[in-house]
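For reference, the structure is listed below as structure tokens.
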Amino acid sequence: MERLGPEELKREQQKTLASPRMRYGPLARLLFVTMDLFYGRKKTLSKFKVLEIVARVPYQAWENVAYVAMTHTHGDPTFARRIFDRVKESRIQQDNEQWHLLILEELAGKKGIRESFIKHWLIPQVIAFFYYHISWLLYVMRPKWSYLLNAHFEDHAEHEYMEYVTENPALEAEPFESMFREDYGQFSSLADLFRQIAYDERVHKLESLARLEAARFQ
């Protein structure tokens, strides 16, 4: 994933804040309402962790379906190679979301945020379980439906992170120190870290929209 400099990140933040959110479909709205019901509307590290737990599962679902497809299409090397390339792309996106989660876990631990087993582990796993199977089913029925749902989710995440930076100006003065800096990237502040995460989500959104357009012509 591309890593941006401080000035670039600020420009991308303004671009996000100036752009309207997508018109979310009923499944996306249901997911966001459910998260607000359990974790409130306020943007917090704990809520972002739940967001990232859920964010990984569409890519896992697509990867699973793709591997099954490769098993049945290995006799057509060209088609199998195209599926394999999509598997690699989904793996990169999934790993990127995993870095987000690991960094947020580390930040929450450093800040001493107390979390309950049921609310912050069990419920997120249940939400992720259902989201996985919805993403999988939509992908099997009609891939563009699953891509659109993911684009809605990533658009929501992009705006949430950028708005969080705006609502918490103190983040500009907080340094980013992490055991994952060499893996994910080095940033001068937590504000830039969250801007980069938001930018990553936008890239994921655009990739899903590109797949959506491609699926319409297949």
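Things to note:
- Lone unmet requirement of (1) open to solvent by 50 Å² or more (accessible area, probe 1.4 Å); (2) modelled with pLDDT of 90 or more; (3) not in a helix (DSSP H, G or I) for L17: (3)
- Some residue of the stretch 65-85 being at pLDDT 95 or above and over 27 Å from P124 (Cβ atoms): no
- Conditions (1) within 17 Å of L45 (Cβ to Cβ); (2) at pLDDT below 95: number failed by I103: (2)
- Hey, Y139 farther than 13 Å from E52 by Cα and open to solvent by less than 70 Å² (accessible area, probe 1.4 Å) or not: yes
- For V126, the conditions (1) surrounded by fewer than 14 Cβ atoms within 10 Å (Cβ to Cβ); (2) over 18 Å from the mean Cα position of the chain (by Cα) are fulfilled apart from (2).
- The listed residues are A198, A214, A210, A191, and the only one of them that is in contact with a Leu (Cβ under 8 Å, 6 or more places away or on another chain), outside any loop (DSSP other than H, G, I, E, B) and among the small types (G, A, S) turns out to be A191.
The values are calculated or read from the model by the stated rules, or taken from the named source; none is laboratory data. Since the model is a prediction, treat every value here as computed from it, not as a measurement. Every residue, glycine among them, receives a Cβ derived from its backbone with ideal geometry; neighbour counts consider all protein chains shown. In case anyone asks, the SASA skips ligands and DNA or RNA and just uses the protein heavy atoms, side chains included. Shrake-Rupley method; radii C 1.70, N 1.55, O 1.52, S 1.80 Å.
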